[in-house]
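Asker: Have a look at this one before I ask anything.
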Amino acid sequence: MLFNKISVSAISAFAIVANGAILEMYSDRNCQNSVGSRNVWDNSCATGVPGFQSYIITYPGGGDQAITTYSRAACAGPQTTCNYAGSTGVCYPSFNSAGGSNAIGSGIACGFV
């Protein structure tokens, strides 16, 4: 019985940790010059990221999340992209007339955090 409780606790802890998409960010528009990677928890906003102009989703996070990038350093205002988090390995340009991206949101739909 104790083994089952420990197993359930360990699995639950792993499931909580695994619910976030991971993005590799790039300073150019074609995913050549990496500026780092960032974990974006499901239904949250990641600020304080280095400015980037393209990205690749390397891990999809939880189920049915949309990754939205923003030109401002907040998950509000002009969006630069919105893509399904399950679309890993694809290079997405992430800029608009205001420039590159400075925040990343993960939510149930584009623009929802």
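Asker: Would you mind checking which residues have amide H under 5 Å from Asn33's amide H? H placed 1.01 Å from N; only 5 or more apart, or other chain.
Answerer: Ser27, Asp28
Asker: Now for a different question. Quick check: pseudo-label points 7 Å beyond the Cα along Cα→Cβ at Asn96 and Thr47, how many nm apart are they?
Answerer: A separation of 1.8 nm, rounded to one decimal place.
Asker: Going 7 Å from the Cα of Ala74 along its beta-carbon direction, which residues of segment 99-113 have the amide nitrogen within less than 15 Å of the resulting point?
Answerer: In segment 99-113, the label zone of Ala74 (backbone N under 15 Å from the point 7 Å along Cα→Cβ) covers 102-105, 113.
Asker: Let me understand segment 19-113 better: what is its radius of gyration from the alpha carbons, and its Dmax, in angstrom?
Answerer: 11.2, 32
Read-outs throughout are calculated quantities, based only on the coordinates presented, and are distinct from any laboratory measurement. The shown structure was predicted, so the numbers you read here are calculated from the model rather than taken from an experiment. Every residue, glycine among them, receives a Cβ derived from its backbone with ideal geometry; neighbour counts consider all protein chains shown.
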